[in-house]
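Each remark here refers to the structure printed beneath this line.
The values are calculated or read from the model by the stated rules, or taken from the named source; none is laboratory data. On a predicted model such as this, the values are computed, not experimentally measured, just so you know. Virtual Cβ from ideal backbone geometry, glycine too; neighbours counted across all protein chains shown.
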């Protein structure tokens, strides 16, 4: 079977033929457009425009050729690094997005490796469902990515019946960690913000360490980035940094915006984990990542080397599969704010927006963060190492944030970058005992385990279409979600309770304006 991304044989011939035809078509269009007599000579700008049209025709034909040479059944699983080399220009990013969309929507089967462990009989019998996950190996609780990301629209959230039962014993509901599936719209902008903040924080510490050797006493400084504070760091003259005063992130200063506890920093690793724990699809990169772990069987299973999850199917996905899904999620558009059409309701919305700030919600659900650079580079997992880069300002799907100049802010400075209205500070906060889980959760990259009561501030954009709420879907309404807040949110919850009923309603009306753009879905 020809693997996706490897353009060879008959398919390679088709691709090259399509490319040549595109060039000939472009040259033909150019020849027909150019004047036949000097008196009709076109300007340099007109000729440049004609050449640009010809080039665009070639680029689109090349994108179609790339898709042609990859069988539809292979696009979802066998996309290799060579695929990303073939689409290395911004104009071809559409091919990546469309291919990723197919992989996200595809219903997988046992032939493709769906499931883990012994199945109900030989192939092609259905795989055994494991609704409660078996530790870090996961289970089989879905047949596709869209199965749990469709409530409210494509790439949306999950319903209450679609919660994930993570890290259990494989059988008992009481052993599992319950997680509601969030929507994934705008995820690429959150990943970009997280990367920028991480780099900024680490750079601050590095500069303090460089300065400390010229000081006779420890240097103490507050870590700040993108208008947020992350606690304090103390650097001794020998360059050792004391990061015990850091707040909201791990001592490694890595911002991890994905997962309710802050489990992943990027979307490629998130996709690679999700393929296994939800679908039982073990990619080459997943196996390479954990085959050297202290207990690889706990992550992969105890099957033979060619089939660690022992489901009878080997080589269930290449190391380009997670990159494909990561690129797709990165390019997704963002949710929107929908102002009320009725002037009276618009006034209520405005009142609710002001109350959002007044009672302290914005202290954690920061309305706006600025993304300095929309250029994105995703790093593949496993070997061989490969990357895929693009500019969200050029290839991000609509709706997408725009770089604007809004004038001076409250501090007298003109903010730079692209405004991302996600309503989050991307930090972890203690939300009190009512929302606490029995034990900590350890991120898969070996970072410090996150205590049971600590959660990453969830972005509020898209809130109106993502009920139920909170990490386990326990809150059917926004009012219930607010009432469950505690810990660092105690004061805000108390202020909400003290509001008059009509003001509470105004706040909720504003929150329900954080929605998504309507789109037509044909099933």
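General observations
- In the set (1) modelled with pLDDT of 95 or more; (2) not in a loop (DSSP other than H, G, I, E, B), the condition left unmet by residue 147 is number (1).
- Yes/no for residue 221 being surrounded by fewer than 17 Cβ atoms within 10 Å (Cβ to Cβ) and more than 30 Å from residue 420 (Cβ to Cβ): no
- The lone criterion from (1) farther than 30 Å from residue 293 by Cβ; (2) in contact with a strand residue (DSSP E or B) (Cβ under 6 Å, 6 or more places away or on another chain) left unmet by residue 489 is number (2).
- Selection from the stretch 234-251 of residues that are touching a strand residue (DSSP E or B) at 6+ places or on another chain (Cβ under 8 Å) and either free of Cβ contacts under 8 Å to residues at least 40 places away in the same chain or surrounded by 15 or more Cβ atoms within 10 Å (Cβ to Cβ) (or both): 234, 235, 236, 241, 242, 243, 245, 246, 248, 249
- Only one of the numbered conditions (1) assigned to a helix (DSSP H, G or I); (2) within 30 Å of residue 165 (Cα to Cα) is violated by residue 393, and that is (2).
- Of all the residues in the stretch 340-353, those that are at pLDDT below 95 and within 30 Å of residue 374 (Cα to Cα) number 0.
- Flag if residue 198 is part of a helix (DSSP H, G or I), out of contact with any strand residue (DSSP E or B) (no Cβ under 9 Å at 6 or more places or on another chain) and either free of Cβ contacts under 8 Å to residues at least 12 places away in the same chain or under 28 Å from residue 299 (Cα atoms) (or both): no
- Taking the stretch 482-491 as the range and being over 16 Å from residue 453 (Cβ atoms) and crowded, with 18+ Cβ neighbours inside 10 Å as the test, only 482 passes.
- Residue in the stretch 75-94 that is crowded, with 22+ Cβ neighbours inside 10 Å, at pLDDT 85 or above and either outside the structural domain of residue 320 (by TED's automatic domain parsing) or not in a loop (DSSP other than H, G, I, E, B) (or both) present: no
- Flag if residue 156 is at negative phi and either crowded, with 20+ Cβ neighbours inside 10 Å or in the same structural domain as residue 298 (by TED's automatic domain parsing) (or both): yes
- For residue 231, the conditions (1) part of a loop (DSSP other than H, G, I, E, B); (2) on the phi > 0 side of the Ramachandran plot; (3) surrounded by fewer than 18 Cβ atoms within 10 Å (Cβ to Cβ) all hold with the exception of (1).
- Here no helices (runs of 4 or more DSSP H) wholly within the stretch 419-523 include at least 1 residues being on the phi < 0 side of the Ramachandran plot, touching a residue at least 60 places away in the same chain (Cβ under 8 Å) and in the same structural domain as residue 192 (by TED's automatic domain parsing).
- When the residues of the stretch 153-176 are filtered to those that are within 21 Å of the chain's Cα centre (by Cα) and not in a loop (DSSP other than H, G, I, E, B), the one that is nearest to residue 396 (Cα to Cα) is 157.
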